[in-house]
1. Mind ordering 257-264, 14-21, 200-207, 172-179 by average Cβ neighbours within 10 Å, highest first?
2. Which of these, GLY46, GLY223, GLY131, has the largest mean-square fluctuation under a Gaussian network model of the chain (Cα springs below 10 Å)?
3. Which loop-located trypsin sites (Lys or Arg not before Pro) does region 1-86 contain, where loop means any DSSP state but H, G, I, E or B and the Cβ has at most 13 other Cβ atoms within 10 Å?
4. Within the chain, what percent of beta bridges assigned by DSSP are antiparallel, to the nearest 5?
5. So if the hydrodynamic radius of the chain is defined as the Kirkwood radius over C-alpha pairs, what does Stokes-Einstein give as its diffusion coefficient at 37 °C and 0.692 mPa s, in µm² per second?
6. In what sequence, highest mean first, do 122-128, 86-92, 158-164 appear when ranked by Cβ atoms within 10 angstrom?
7. So if I restrict to the alpha-carbon atoms in region 123-169, what is the Rg, and what is Dmax, the biggest pairwise distance, in Å?
8. So how much slack lies between SER258 and ALA90, counting 0.36 nm per residue of separation and subtracting their Cα-Cα distance, in nm?
Amino acid sequence: MTGSDRVFTILHGSDLHFGRPHAPEAAKDFLTLAHYVSPDLIALSGDFTQRAKNREYEAAAAYLKRLPQVPLVVTPGNHDVPLYRLWERASAPFRNYRRWIADELDSEYDLGEAVVVALNTTTPDHTIVNGNVDDEQLERAAAAFARAANGGLRALVVHHALVGAPGGDRIAALPRARRIVNRLAEMGVELVLFGHLHRAFTSVGVPNGPEAADSPVLLVCSGTTASDRGRGRERGKNSCNLVRVTNDGIAVTRYLRSPPAEGFQPVARETFPRRDFAHPRSPGIASSA
């Protein structure tokens, strides 16, 4: 980051699920929000489709073209590979994703004041719901982050969760999550954006363990931004995050769409100091979720 007053903004959404659970009005409201907040970067952390069908991908691709013309970081989710088309899942699981969304599964974006890496965490040959990050991916990420300018943000985008949702969740975090987060901390990564759990929250590292204090990485989950599959306190709702990064801190504002309210509304804001996420600063807007 350069300039004392410079703000770098990331609009983070996830789990659009084009197909049967897709919520067109929520998708429309996310477009409205995206154009209103004018982010520097949009990150969408997977599950663009429900069953990885061509018609679902075609609709998703058309939708992405309507977003503001700023850098778009994407990564596939477990729903973006075929589930029941077993031959395709085994032989060409990302064929439709590559055709309609992005050819690269792991990617990096050097924006000068920020380096953002997206890693594909889906493992269609091993798991259906959960995924994995392997050592080779982490080394490629480390090489990309090593090129970041001093003081620049280093952020990672994945689909699967690196920490479980508060209050428990039947969906497990990625295998070796604590080890992965510690490795990211060694790389100087400050921010990880993910989805998959269909409910929004933040976490400083992986809590409840002796290594947590050594992992000052801010983990930010988005709920489902445009489907009817919200979970927990976000059942029947949709959410996304606006992340504002300055030289001093990272502020995460959660936006919630709760019909019959009009569009996405800010409901909670947390601010964390850069490089040291031991304690969040002011809670800001009180949560109404």
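The values are calculated or read from the model by the stated rules, or taken from the named source; none is laboratory data. Small disclaimer: the values here were computed from a predicted structure and weren't measured. Don't worry about glycine lacking a Cβ; one is built from the backbone with ideal geometry, like all the others, and counts go over all protein chains shown. The area values use the complete protein model at the heavy-atom level, side chains included, leaving out ligands, DNA and RNA. Shrake-Rupley method; radii C 1.70, N 1.55, O 1.52, S 1.80 Å.
1. Going by the mean number of other Cβ atoms within 10 Å, highest first, we get 14-21, 200-207, 172-179, 257-264.
2. GLY131
3. The qualifying sites are ARG6, LYS65, ARG66.
4. Beta bridges within the chain, antiparallel portion: roughly 60 percent.
5. The calculation lands on 175 µm²/s.
6. Those peptides, ordered most packed to least, come out 158-164, 122-128, 86-92.
7. Answer for region 123-169, Rg first and Dmax second: 14.2, 39 Å.
8. So the chain would gain 56.6 nm between SER258 and ALA90.
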